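In what follows, a single structure is set out as structure tokens and then discussed.
The values are calculated or read from the model by the stated rules, or taken from the named source; none is laboratory data. All of these numbers come straight from a predicted model, not from anything done at the bench. Cβ: placed from backbone, ideal geometry, glycine included. Neighbour counts: every protein chain shown.
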Amino acid sequence: MKNTALTKIHEDLGAKMVPFAGYNMPVSYEGVNAEHECVRNGVGVFDVSHMGEFLLKGEKALDLIQKVSSNDASKMVDNQAQYSCMPNADGGIVDDLIIYKKSDTEYFLVVNASNIQKDWDWISKHNDFGVEMTNLSEDYSLLAVQGPKAAEAMQSLTHLDLQNIKYYTFDEGTFAGIDNVIVSATGYTGSGGFELYIKNEDAEKVWNAVFEAGKDWGIKPIGLAARDTLRLEMGYCLYGNDIDDTTSPLEAGLGWVTKFTKDFVNSEALKAQKEAGVTRKLVGFELLDRGIPRHDYPIVDADGNEIGKVTSGTMSPSTGKAIGLGYVPKELSAPGSDIYVQVRKKQLKAQVVKPPFYKK
């Protein structure tokens, strides 16, 4: 089990630690609901240093990215970030990722922790372009400072104008006295804020500075459990739950990052799927009966026939409703459709709704 550069700090803070993607990670500190509300209304900090980072450099770096990813990275300008996915050869997804454009010849890719080696091998396999690839995953720590008060709370630590770093853009500069920190207006909570990419040796210094700067704003450390409830309220996919090697990006509602203006791995087959229409779709739903949907619970129709599975589910702290995501046949995918979640021997009625579940 790997540790992040901040594991001892989490343990000293009394965090409940769990194994996650090969790392020893904090799942909660004071409890998921309190941590969730802290991010929705104020500012909280996640250690997400388990995520993977690759640097791609060279004249043909864009060509390689265009080949392995479904979104159109040619539309990006310097200091812009883009959400994308890497389709596999069988109609599924290798991983979802964020691509950062540093320059025409330099791109920074952030991938899921559980897929670091798989992604590295996949991109390497398609690197017929002589692109220089560096796996920085073991060298970097990543702090997600999330919430509506993040910019205000962190401004004293940097000369960068945090209010003017727009959503899905980034800047690079001195932060908490450390040079060359990437500060990006990304994150997976739907409440704004920043992600800070720092070298491992600087992680503790930056963590301490962030908490000192944010104390007047009620800043708190936040665990992975609240990260999950926050992203689920927004309807954001989690790799391994809602998307994987067997789910098409079109089925998963990721058509908006699947651009057929270029050729990429398996683009012809996905284009044909788009033209023919998918047979199942990932939908959001709210339980109308009392209960909580959980990952892998069966979804059934009115006659009790299994038609799909819950991919993610929780009791939403912000809305007080039991919410979930799951794949259902296309004919039951429209908002307002009735479906049922099998919880032990009960069939709980649910209704398909269009995410996000939480609206500001």
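If a residue must be closer than 18 Å to Tyr100 by Cα, charged (D, E, K, R) and without any contact (Cβ under 8 Å) to a residue 60 or more places away in the chain, how many such residues does segment 131-171 contain?
Residues that pass the stated criteria total 1.
If we keep just the residues of segment 36-49 that are under 18 Å from the mean Cα position of the chain (by Cα) and not in a loop (DSSP other than H, G, I, E, B), which is nearest to Glu204 (Cα to Cα)?
Looking at the filtered set, the residue picked out is Asp47.
Collect the residues in segment 191-207 that are small (Gly, Ala, Ser) and either crowded, with 21+ Cβ neighbours inside 10 Å or not assigned by TED's automatic domain parsing to the domain that holds Val45 (or both), keeping them in residue-number order.
Ser191, Gly193, Ala203
Can you find a residue that is at negative phi, under 25 Å from the mean Cα position of the chain (by Cα) and in a strand (DSSP E or B) anywhere in segment 338-349?
no
Output yes when any residue across segment 286-304 is touching an Asp or Glu at 6+ places or on another chain (Cβ under 6 Å) and either at pLDDT below 95 or over 26 Å from Asp72 (Cβ atoms) (or both), and no when none is.
Yes: segment 286-304 contains one or more residues that are touching an Asp or Glu at 6+ places or on another chain (Cβ under 6 Å) and either at pLDDT below 95 or over 26 Å from Asp72 (Cβ atoms) (or both).
Inside segment 334-346, can you point out the residues that are crowded, with 18+ Cβ neighbours inside 10 Å and either at pLDDT 95 or above or closer than 14 Å to Gly308 by Cβ (or both)?
Ile339, Tyr340, Val341
Filtering segment 243-273 down to residues that are of a type in the set (Gly, Ala, Ser) and either more than 14 Å from Cys85 (Cβ to Cβ) or modelled with pLDDT under 95 (or both), which residue is nearest to the chain's Cα centre (by Cα)?
Across segment 243-273, the extreme among qualifying residues is Ala269.
What are the residues in segment 276-324 that are in contact (Cβ under 8 Å) with a residue 60 or more places away in the chain, part of a strand (DSSP E or B) and in contact with a helix residue (DSSP H, G or I) (Cβ under 7 Å, 6 or more places away or on another chain), if any?
Those that are in contact (Cβ under 8 Å) with a residue 60 or more places away in the chain, part of a strand (DSSP E or B) and in contact with a helix residue (DSSP H, G or I) (Cβ under 7 Å, 6 or more places away or on another chain): Ser312, Thr314, Ile323.
Results for (1) out of contact with any strand residue (DSSP E or B) (no Cβ under 7 Å at 6 or more places or on another chain); (2) under 19 Å from Gly187 (Cα atoms), shown as yes or no for each residue.
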| residue | (1), (2) |
| --- | --- |
| Asn3 | no, no |
| Gly14 | yes, no |
| Tyr23 | no, no |
| Val27 | no, yes |
